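Novice: Have a look at the structure that comes next, please.
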Amino acid sequence: MKKLIGNDWDDILDPVFESEQYQQLHNFLKGEYATKQIFPDMYHIFTAFKLTPYSQTKVVILGQDPYHNPGQANGMSFSVSPGASLPPSLKNIYKELYDDVGARPVNHGYLKSWAEQGVLLLNAVLTVPYGHANGHQGKGWEAVTDAAIKALSERGKVVFILWGKFAQNKIPLIDESKNVIIKSAHPSPFSADRGFFGSRPFSRCNEALHKFGELPIDWQLPEQIN
């Protein structure tokens with residue numbers, strides 16, 4: 001079959017991509033992209049998987065679905081495209097990042113450098129209509145992303161960072177005897193003060209990676225986007 005991603009994720013996810021359910025999703029998306037404004041553009045749907053191969057994934061930061069306003073979504077959870085203003089949740093992530101590990105906030109929200117170090121910035125649903133958060137929930141993407149989470153869980157030695165109730169609903173997919181789960185409130189302005197601030201996810205993640213014998217993540221984002 002045509003390889004959708006271009007690395008070892010294709011072999012992992014091939015059973016899903018070959019399924020009738022995925023074909024239905026594919027047909028649905030063709031209609032959506034032809035008639036509506038859908039984010040990200042179709043060339044960036046699988047960016048998270050492309051930048052962070054299965055064999056190199058050490059951390060998963062799980063989001064719900066892409067940003068639904070123009071110029072933001074780029075296929076990585078919580079990340080925004082170069083030139084986009086920082087969404088409130090990402091501003092709070094940067095605040096906690098500084099308080100936790102001293103990483104200086106930068107003036108962009110492009111998280112590619114994390115992805116290239118093995119942080120899979122995965123949304124549970126990979127597409128969204130303009131202005132309609134969760135608009136593609138339940139259309140079939142969950143079969144793909146749940147399969148990815150399960151495959152990583154079975155391999156083991158992965159740190160799953162789960163912010164908020166939606167992400168934490170995926171805990172049953174994760175074998176906690178082989179992996180580490182770091183959970184807290186969501187960084188959204190509506191909940192960040194209720195347990196996200198002070199949760200130290202970044203240093204705790206690196207501590208877990210050290211115990212797994214893995215190199216830590218350098219959470220400091222570059223000032224310049226490459």
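The values are calculated or read from the model by the stated rules, or taken from the named source; none is laboratory data. What you see is a predicted model, and the numbers here were worked out from it, not measured in a lab. Positions of Cβ are generated from backbone atoms using ideal geometry, with glycine treated the same way; all protein chains shown enter the neighbour counts. For the accessible areas, the whole protein counts, side chains as well, though only heavy atoms, and no ligand, DNA or RNA atoms are used. Shrake-Rupley method; radii C 1.70, N 1.55, O 1.52, S 1.80 Å.
Novice: Pick out, from segment 114-226, the helices (runs of 4 or more DSSP H) lying fully within it that include 3 or more residues that are surrounded by 15 or more Cβ atoms within 10 Å (Cβ to Cβ) and under 14 Å from the mean Cα position of the chain (by Cα).
Specialist: In segment 114-226, 141-155, 164-168 are the helices (runs of 4 or more DSSP H) which contain 3 or more residues that are surrounded by 15 or more Cβ atoms within 10 Å (Cβ to Cβ) and under 14 Å from the mean Cα position of the chain (by Cα).
Novice: Quick check on segment 50-88: of everything there that is hydroxyl-bearing (S, T, Y) and open to solvent by 20 Å² or more (accessible area, probe 1.4 Å), which residue is farthest from the chain's Cα centre (by Cα)?
Specialist: First pass over segment 50-88, keeping only residues hydroxyl-bearing (S, T, Y): 52, 54-55, 57, 67, 77, 79, 81, 85.
Those left that are additionally open to solvent by 20 Å² or more (accessible area, probe 1.4 Å): 54-55, 67, 81, 85.
Values: Y54: 13, S55: 16, Y67: 12, S81: 14, S85: 19 Å.
Among residues in segment 50-88 that are hydroxyl-bearing (S, T, Y) and open to solvent by 20 Å² or more (accessible area, probe 1.4 Å), the one farthest from the chain's Cα centre (by Cα) is S85.
Novice: Which numbered condition trips up Q168, out of (1) touching a residue at least 40 places away in the same chain (Cβ under 8 Å); (2) within 28 Å of S19 (Cβ to Cβ); (3) not charged (D, E, K, R)?
Specialist: (1)
Novice: Next question, about the same structure. Return yes or no: is V16 surrounded by 14 or more Cβ atoms within 10 Å (Cβ to Cβ), of a type outside the set (D, E) and touching a Cys at 6+ places or on another chain (Cβ under 8 Å)?
Specialist: no
Novice: Now for a separate question. Quickly run through segment 187-205 and pick out the residues that are under 17 Å from V59 (Cα atoms) and touching a residue at least 60 places away in the same chain (Cβ under 8 Å).
Specialist: If the condition is that a residue be under 17 Å from V59 (Cα atoms) and touching a residue at least 60 places away in the same chain (Cβ under 8 Å), then S199, R200, P201, F202, S203, C205 are the ones that fit.
Novice: Closer than 13 Å to H136 by Cα and open to solvent by 80 Å² or more (accessible area, probe 1.4 Å) - does that describe any residue in segment 37-49?
Specialist: Yes, segment 37-49 has at least one match.
Novice: If the Cβ limit is 8 Å and pairs must be 6+ apart or interchain, which residue in segment 55-73 that is over 18 Å from S188 (Cα atoms) pairs with which residue that is of a type in the set (D, E)?
Specialist: Matching pairs, first to second residue: S55/D8; K58/E214.
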